[in-house]
Amino acid sequence: MKILGIDVGGSGIKAAIVNTKTGELLTERHRIPTPKPATPVAVAKVIKEMTDHFNWTKAVGCSFPTTIVKGKCIHTGNLSKDWLNVKVDKLFKKETKLPFFISNDADLAGVAEVNLGAGKNEKGVTIVITIGTGIGSGLFFNKKLIPNLELGKLLHSNGEIIEFYAADSIRKKEELTLKEWALRFDELLEYTRVVFSPSLIILGGGISKKYENFKEYLETDVPIKVAKFKNNAGIIGAAMYASKRLKD
(Lines give C-alpha, C1' and ligand atoms only; values in the text may rest on other atoms or scores of the structure.)
Protein backbone atom coordinates (compact mmCIF):
# COMPACT_ATOMS: atom_id res chain seq x y z
CA MET A 1 0.00 0.00 0.00
CA LYS A 2 1.17 3.52 -0.77
CA ILE A 3 0.64 5.99 2.08
CA LEU A 4 1.88 9.52 2.77
CA GLY A 5 3.87 9.51 5.99
CA ILE A 6 4.58 12.77 7.83
CA ASP A 7 7.06 13.14 10.69
CA VAL A 8 6.62 16.26 12.82
CA GLY A 9 9.84 17.23 14.61
CA GLY A 10 11.08 20.11 16.71
CA SER A 11 13.17 21.58 13.89
CA GLY A 12 11.60 20.18 10.74
CA ILE A 13 8.47 18.54 9.35
CA LYS A 14 9.36 15.79 6.87
CA ALA A 15 7.26 13.63 4.57
CA ALA A 16 7.31 11.14 1.71
CA ILE A 17 5.03 8.60 0.05
CA VAL A 18 5.94 5.15 1.37
CA ASN A 19 5.57 1.55 0.25
CA THR A 20 4.30 0.21 3.57
CA LYS A 21 5.29 -3.41 2.79
CA THR A 22 8.95 -2.68 2.13
CA GLY A 23 9.56 0.68 3.83
CA GLU A 24 10.82 2.14 0.56
CA LEU A 25 10.33 5.87 0.01
CA LEU A 26 8.56 6.18 -3.32
CA THR A 27 9.23 9.92 -3.58
CA GLU A 28 11.96 12.32 -2.54
CA ARG A 29 11.65 13.27 1.12
CA HIS A 30 10.28 16.81 1.45
CA ARG A 31 11.18 18.94 4.46
CA ILE A 32 9.64 22.18 5.73
CA PRO A 33 11.10 23.94 8.80
CA THR A 34 8.90 23.69 11.89
CA PRO A 35 7.30 27.10 12.44
CA LYS A 36 8.42 29.23 15.38
CA PRO A 37 6.45 29.29 17.56
CA ALA A 38 5.10 25.84 16.73
CA THR A 39 1.49 26.53 17.67
CA PRO A 40 -1.32 24.21 16.56
CA VAL A 41 -2.54 26.71 13.95
CA ALA A 42 0.95 27.28 12.53
CA VAL A 43 1.82 23.58 12.33
CA ALA A 44 -1.54 22.71 10.79
CA LYS A 45 -0.84 25.17 7.97
CA VAL A 46 2.50 23.45 7.28
CA ILE A 47 0.75 20.07 7.25
CA LYS A 48 -1.64 21.44 4.59
CA GLU A 49 1.34 22.75 2.64
CA MET A 50 2.88 19.27 2.85
CA THR A 51 -0.18 17.38 1.60
CA ASP A 52 -0.54 19.91 -1.22
CA HIS A 53 3.12 19.40 -2.17
CA PHE A 54 2.42 15.70 -2.79
CA ASN A 55 -1.03 16.33 -4.31
CA TRP A 56 -2.22 13.82 -1.73
CA THR A 57 -5.95 13.05 -1.49
CA LYS A 58 -6.11 9.96 0.74
CA ALA A 59 -5.43 9.01 4.37
CA VAL A 60 -2.22 10.24 6.01
CA GLY A 61 -0.06 8.73 8.74
CA CYS A 62 1.65 11.18 11.06
CA SER A 63 4.23 10.80 13.81
CA PHE A 64 4.06 13.50 16.47
CA PRO A 65 6.62 14.46 19.16
CA THR A 66 4.57 13.97 22.30
CA THR A 67 2.35 11.42 24.01
CA ILE A 68 -0.78 10.82 21.93
CA VAL A 69 -3.82 8.97 23.26
CA LYS A 70 -6.73 8.48 20.85
CA GLY A 71 -5.45 11.32 18.69
CA LYS A 72 -5.09 13.77 21.59
CA CYS A 73 -1.93 15.37 23.03
CA ILE A 74 -1.82 14.59 26.74
CA HIS A 75 1.57 16.30 27.22
CA THR A 76 2.81 19.52 25.66
CA GLY A 77 6.05 18.00 24.33
CA ASN A 78 8.75 20.28 22.91
CA LEU A 79 6.64 22.21 20.42
CA SER A 80 4.34 24.58 22.30
CA LYS A 81 2.29 24.51 25.50
CA ASP A 82 -0.73 25.25 23.33
CA TRP A 83 -0.82 21.61 22.19
CA LEU A 84 -2.06 20.24 25.52
CA ASN A 85 -5.39 18.42 25.05
CA VAL A 86 -5.52 19.22 21.31
CA LYS A 87 -7.08 16.50 19.14
CA VAL A 88 -4.32 16.51 16.55
CA ASP A 89 -6.07 14.16 14.13
CA LYS A 90 -9.17 16.36 14.04
CA LEU A 91 -7.12 19.55 13.70
CA PHE A 92 -5.16 18.25 10.71
CA LYS A 93 -8.27 16.75 9.12
CA LYS A 94 -10.06 20.09 9.42
CA GLU A 95 -7.13 21.89 7.76
CA THR A 96 -6.53 19.40 4.94
CA LYS A 97 -9.95 17.71 4.53
CA LEU A 98 -8.08 14.37 4.74
CA PRO A 99 -8.25 11.60 7.38
CA PHE A 100 -5.22 11.50 9.70
CA PHE A 101 -3.87 8.69 11.87
CA ILE A 102 -1.60 10.16 14.56
CA SER A 103 0.68 8.54 17.12
CA ASN A 104 3.87 9.22 19.07
CA ASP A 105 6.98 9.74 16.93
CA ALA A 106 9.27 7.30 18.74
CA ASP A 107 6.55 4.64 18.80
CA LEU A 108 6.12 4.93 15.05
CA ALA A 109 9.85 5.01 14.35
CA GLY A 110 9.92 1.80 16.34
CA VAL A 111 7.13 0.25 14.27
CA ALA A 112 9.31 0.70 11.20
CA GLU A 113 12.47 -0.59 12.86
CA VAL A 114 11.11 -3.70 14.61
CA ASN A 115 9.16 -4.86 11.55
CA LEU A 116 11.42 -3.91 8.65
CA GLY A 117 14.63 -2.48 10.11
CA ALA A 118 17.28 -3.11 12.75
CA GLY A 119 15.01 -5.18 15.00
CA LYS A 120 13.19 -7.33 12.46
CA ASN A 121 14.90 -10.54 13.59
CA GLU A 122 14.69 -9.77 17.31
CA LYS A 123 12.32 -11.35 19.86
CA GLY A 124 11.63 -10.35 23.43
CA VAL A 125 11.86 -6.77 24.71
CA THR A 126 13.14 -4.20 22.22
CA ILE A 127 13.38 -0.51 23.06
CA VAL A 128 13.80 2.20 20.45
CA ILE A 129 15.31 5.48 21.69
CA THR A 130 15.23 8.55 19.47
CA ILE A 131 17.61 11.35 20.38
CA GLY A 132 17.00 14.84 19.06
CA THR A 133 15.34 17.97 20.43
CA GLY A 134 14.08 15.66 23.18
CA ILE A 135 14.38 11.95 23.92
CA GLY A 136 11.64 9.67 22.63
CA SER A 137 11.21 5.96 23.22
CA GLY A 138 9.20 3.02 21.97
CA LEU A 139 8.70 -0.26 23.84
CA PHE A 140 8.04 -3.52 21.99
CA PHE A 141 7.55 -7.11 23.10
CA ASN A 142 7.82 -9.68 20.32
CA LYS A 143 7.23 -6.80 17.87
CA LYS A 144 4.00 -5.72 19.59
CA LEU A 145 3.98 -2.03 20.52
CA ILE A 146 3.29 -1.11 24.14
CA PRO A 147 2.49 2.56 23.49
CA ASN A 148 3.57 5.79 25.11
CA LEU A 149 6.70 4.80 27.01
CA GLU A 150 8.38 8.12 27.84
CA LEU A 151 11.93 7.42 29.01
CA GLY A 152 12.84 11.03 28.30
CA LYS A 153 10.42 12.15 31.01
CA LEU A 154 12.20 10.20 33.74
CA LEU A 155 13.73 12.33 36.47
CA HIS A 156 17.50 12.49 36.66
CA SER A 157 19.20 12.36 40.06
CA ASN A 158 19.32 16.17 40.03
CA GLY A 159 15.51 16.23 39.96
CA GLU A 160 15.23 17.46 36.37
CA ILE A 161 13.67 15.60 33.47
CA ILE A 162 16.47 13.56 31.95
CA GLU A 163 15.98 14.78 28.37
CA PHE A 164 16.99 18.23 29.67
CA TYR A 165 20.28 16.56 30.61
CA ALA A 166 20.96 14.09 27.80
CA ALA A 167 19.09 15.09 24.63
CA ASP A 168 21.08 16.00 21.53
CA SER A 169 19.75 19.56 21.76
CA ILE A 170 21.44 19.83 25.17
CA ARG A 171 24.72 18.58 23.70
CA LYS A 172 24.57 21.42 21.21
CA LYS A 173 23.33 24.03 23.67
CA GLU A 174 26.00 23.28 26.27
CA GLU A 175 28.65 22.64 23.61
CA LEU A 176 29.46 19.21 25.04
CA THR A 177 32.00 16.95 23.39
CA LEU A 178 30.67 13.64 22.10
CA LYS A 179 32.34 11.92 25.05
CA GLU A 180 30.79 14.28 27.60
CA TRP A 181 27.37 13.81 26.06
CA ALA A 182 27.73 10.03 25.66
CA LEU A 183 28.58 9.60 29.34
CA ARG A 184 25.35 11.37 30.19
CA PHE A 185 23.34 9.29 27.74
CA ASP A 186 24.89 6.13 29.13
CA GLU A 187 23.23 6.88 32.47
CA LEU A 188 19.84 6.66 30.75
CA LEU A 189 20.82 3.44 28.97
CA GLU A 190 21.90 1.84 32.24
CA TYR A 191 18.65 2.82 33.94
CA THR A 192 16.75 1.37 30.99
CA ARG A 193 18.69 -1.89 31.34
CA VAL A 194 17.92 -2.18 35.04
CA VAL A 195 14.19 -1.47 34.69
CA PHE A 196 13.29 -3.25 31.43
CA SER A 197 16.03 -5.86 30.77
CA PRO A 198 15.78 -5.32 27.00
CA SER A 199 17.34 -7.80 24.58
CA LEU A 200 18.05 -4.95 22.14
CA ILE A 201 18.15 -1.16 22.14
CA ILE A 202 17.82 0.63 18.79
CA LEU A 203 19.12 4.19 18.58
CA GLY A 204 17.56 6.71 16.22
CA GLY A 205 17.60 10.45 15.67
CA GLY A 206 20.27 12.59 14.07
CA ILE A 207 23.07 11.80 16.50
CA SER A 208 22.73 8.07 15.86
CA LYS A 209 24.71 8.74 12.67
CA LYS A 210 27.69 9.41 14.95
CA TYR A 211 27.32 6.14 16.87
CA GLU A 212 30.70 4.80 15.75
CA ASN A 213 32.30 7.91 17.26
CA PHE A 214 30.73 7.61 20.70
CA LYS A 215 29.95 3.91 21.24
CA GLU A 216 33.26 3.40 23.08
CA TYR A 217 31.96 5.62 25.90
CA LEU A 218 28.82 3.52 26.47
CA GLU A 219 29.28 0.87 29.14
CA THR A 220 25.78 -0.59 29.33
CA ASP A 221 25.97 -4.25 28.37
CA VAL A 222 22.82 -4.37 26.23
CA PRO A 223 23.18 -5.01 22.48
CA ILE A 224 22.75 -1.71 20.61
CA LYS A 225 21.98 -1.18 16.94
CA VAL A 226 21.54 1.99 14.96
CA ALA A 227 18.16 2.47 13.30
CA LYS A 228 18.30 1.14 9.74
CA PHE A 229 16.01 3.87 8.44
CA LYS A 230 17.72 6.62 10.43
CA ASN A 231 15.78 9.91 10.14
CA ASN A 232 13.25 8.32 7.77
CA ALA A 233 12.00 5.87 10.41
CA GLY A 234 9.27 8.23 11.62
CA ILE A 235 7.95 8.77 8.10
CA ILE A 236 7.94 5.05 7.33
CA GLY A 237 6.40 4.06 10.65
CA ALA A 238 3.69 6.71 10.30
CA ALA A 239 2.72 5.33 6.89
CA MET A 240 2.72 1.75 8.22
CA TYR A 241 0.55 2.81 11.17
CA ALA A 242 -2.01 4.45 8.88
CA SER A 243 -2.05 1.39 6.65
CA LYS A 244 -2.78 -0.88 9.62
CA ARG A 245 -5.48 1.41 10.97
CA LEU A 246 -7.19 1.47 7.59
CA LYS A 247 -7.30 -2.35 7.60
CA ASP A 248 -8.53 -2.68 11.20
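The values are calculated or read from the model by the stated rules, or taken from the named source; none is laboratory data. In this text the structure is predicted, and so the values were computed from the model without any measurement. Using ideal geometry, Cβ is built from the backbone for each residue, glycine included, and neighbour counts are taken over all protein chains shown. Note: accessible area is taken over every heavy atom of the protein model, side chains too, but ligands, DNA and RNA are not part of it. Shrake-Rupley method; radii C 1.70, N 1.55, O 1.52, S 1.80 Å.
Brief remarks follow.
- Label positions at Lys90 and Thr57, each projected 7 Å from the Cα along the C-beta direction, are separated by 2.8 nm.
- Label-zone membership for region 28-43, site Asp82, 7 angstrom Cα→C-beta point, backbone N under 12 Å: 35-43
- Selected from Gly205, Leu183, Met240, residue furthest toward positive end of dipole (region 111-248; charges at beta carbon): Met240
- Using a simple spin-label model with pseudo-atoms 7 Å out from Cα toward Cβ, Ser197 and Thr39 lie 5.0 nm apart.
- Spin-label proximity, Lys173 to region 181-215 - amide N less than 20 Å from point 7 Å beyond Cα toward beta carbon: 181-189, 205-208
- Relative to the longest principal axis of the Cα atoms of the chain, the long axis of helix 40-53 lies at roughly 70 degrees.
- Between the helical axis of 105-116 and the longest alpha-carbon principal axis of the chain there is an angle of about 80 degrees.
- Candidate aspartates and glutamates for bridging to Lys97, where Cα separation is under 19 Å - those fewer than 8 sequence places away on the same chain excluded: Asp7, Glu49, Asp52, Asp89
- As a fraction of the 1.4 Å probe accessible area of region 46-201, surface on carbon and sulfur atoms comes out at 53 percent.
- Here the Karplus relation 6.51 cos²θ - 1.76 cosθ + 1.60, evaluated at θ = phi - 60°, turns the backbone of region 68-79 into coupling constants of 10, 10, 6, x, 10, 6, 9, 9, 6, x, 9, 8 Hz, with x for every Gly and Pro.
- For region 111-157 versus region 182-222, the spacing of their alpha-carbon centroids is 12 Å.
- Sparsely packed loop sites in region 190-240 (the GluC sites (Glu not before Pro) outside DSSP H, G, I, E and B with at most 11 other Cβ atoms within 10 Å) comprise Glu219.
- Accessible area, probe 1.4 Å, largest first, for residues Thr67, Thr130, Thr76, Thr177: Thr177, Thr76, Thr130, Thr67
- Within a Gaussian network of the chain (alpha carbon springs, distance under 10 Å), most fluctuating of Ile201, Ile135, Ile74: Ile74
- Beta bridges assigned by DSSP with both partners in region 1-124 are antiparallel in approximately 60 percent of cases.
- Fraction of antiparallel bridges per DSSP, the chain only, in percent to nearest 5: 60
- Label selected from (i) 8, 34, 37, 18, 3; (ii) 8, 29, 30, 22, 10, 2, 0; (iii) 7, 29, 35, 20, 7, 1, 0, the criterion being P(r) over Cα pairs in 10 Å bins from 0, in percent as computed here: (i)
- Antiparallel bridge percentage (DSSP; both residues within region 127-248; nearest 5): 55
- Here's the list of aspartates and glutamates a cross-link from Lys225 could span, going by alpha-carbon distance under 14 Å and ignoring same-chain residues fewer than 8 apart: Glu113, Glu122, Glu212, Glu216.
- Cubic angstrom per residue, convex hull over Cα atoms of region 1-85: 98
- Rounded to the nearest 10 degrees, the angle from helix 233-247 to the longest Cα principal axis of the chain is 50 degrees.
- 10 Å binning of all Cα-Cα separations within region 38-95, expressed as whole percents from 0 upward: 23, 56, 21, 0
- Efficiency of FRET between Lys215 and Leu154 - r from beta-carbon atoms, R0 22 angstrom, step 0.05: 0.50
- Kirkwood hydrodynamic radius (C-alpha pairs) into Stokes-Einstein, region 179-228, 25 °C and 0.890 mPa s, D in µm²/s: 221
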